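Some notes on the structure that comes next.
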Amino acid sequence: MVLRPHHFSAVSKRIITPAFTRPLSASPRFFKMADHKNENNKRSRRDEPHQYQASSRTDREEDQWKFRAPYKIHDKGENFDVKWKGKCHCGAVQYELSREKPLASKYCHCTTCQRMHGAPFQWAAIFHKEDINFTNGHHDLGWYDPTAKSTTHHLPCKVQCAYCRTPIMDEGRNMILLFPTLIEGINTKKGREAFAAQCHMFYPQRVVDIKDGLPKFSRLADESDLCDEETGEVMEGTNPKKDKEKEKKKE
């Protein structure tokens, strides 16, 4: 008997295909192994979604964050003077701001911001928690604590859209840091002037040199030494906070 191509295809269909192309996930043994591996993983448990992503429930003690700023949704009858509107990339999360200008606006060059934003630096505007009102996507938020590398809602933490993963804000214990590039009209003259940065932070960790004449701090703004704009070197003895403390002692 002479074996021809169609004979090989018939054999492969009858014998080889069932034995080697059955997906691993279809194996009962695979399911048991996967379940055993994840049985203690809280992220896979459906009874605790609040720890990793917002949900529509409000009856549990751990859901009380929904009634507090910055997540509290203002009633329609409440006096909330809208100055700006912002949203994530997909539009699932939308919010309003009642303050014309942020309390401060800064460029942060720390490596955490670089990695979390996938950009040379973070542009952050500081607001009170009461200055924001979420109008959509209140339950479409996710959290990340970069210090503990945890997705639990522990302050301070980073907040993002749980669908498109757009960074929404950094939530601190007392304030929030919003990202001006999410604001509608930020590319207008009014927007650029309102959210103009006053300084740079963590400048020694920069990946690009920016010679814009703004103060450049080695670490936190107004609490660390300044850096030379030309060389980026830290200038010892230029800490504004220490200077103020010295002046108070003299008085």
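Observations
- Close amide-amide hydrogen proximity is noted between Gly137 and Gln94, each under 5 Å apart and 5 or more residues distant or on a separate chain (H modeled in the peptide plane; Pro and chain starts excluded).
- The label point for Lys101 and the one for Asn187, both projected 7 Å from the Cα toward the Cβ, are 2.5 nm apart.
- Set Lys85/Lys242; Lys189/Lys216; Lys106/Lys149; Lys87/Lys149 screened for pairs whose C-alpha atoms are more than 27 Å apart: Lys85/Lys242
- Along region 205-217 the Karplus relation, 6.51 cos²θ - 1.76 cosθ + 1.60 evaluated at θ = phi - 60°, assigns HN-Hα couplings of 8, 4, 10, 9, 7, 10, 9, 10, x, 7, x, 10, 8 Hz to successive residues, with x for each Gly and Pro.
- In the full protein context, region 57-215 carries 52 Å² of accessible surface per residue, based on a 1.4 Å probe and ignoring ligands, DNA and RNA.
- Split the accessible area of region 88-210 by element, probe 1.4 Å, and carbon with sulfur accounts for 51%.
- Were the residues from Met235 through Lys83 laid out at 0.36 nm apart, the gain over their Cα-Cα distance would be 50.8 nm.
- Derived scalar couplings between HN and Hα for region 112-129 equal 5, 5, 4, 6, 5, 9, x, 9, x, 7, 9, 9, 10, 10, 8, 9, 6, 5 Hz in order, rounded to whole Hz, by the Karplus curve 6.51 cos²θ - 1.76 cosθ + 1.60 (θ = phi - 60°), x for Gly and Pro.
- Potential extension, Trp65-Cys90 segment - 0.36 nm per residue separation minus Cα distance: 6.6 nm
- Segment Ala119..Ile73, full-extension length gain: 13.5 nm, with 0.36 nm per residue of separation and the alpha-carbon distance subtracted.
- Inter-label distance, nm, simple model (7 Å from Cα along the C-beta direction), Glu223/Arg165: 3.0
The values are calculated or read from the model by the stated rules, or taken from the named source; none is laboratory data. Given the structure is predicted, the values throughout are model-derived calculations rather than measurements. Ideal geometry is used to build each Cβ from the backbone, glycine not excepted, and the neighbour counts take in all protein chains shown. The area values use the complete protein model at the heavy-atom level, side chains included, leaving out ligands, DNA and RNA. Shrake-Rupley method; radii C 1.70, N 1.55, O 1.52, S 1.80 Å.
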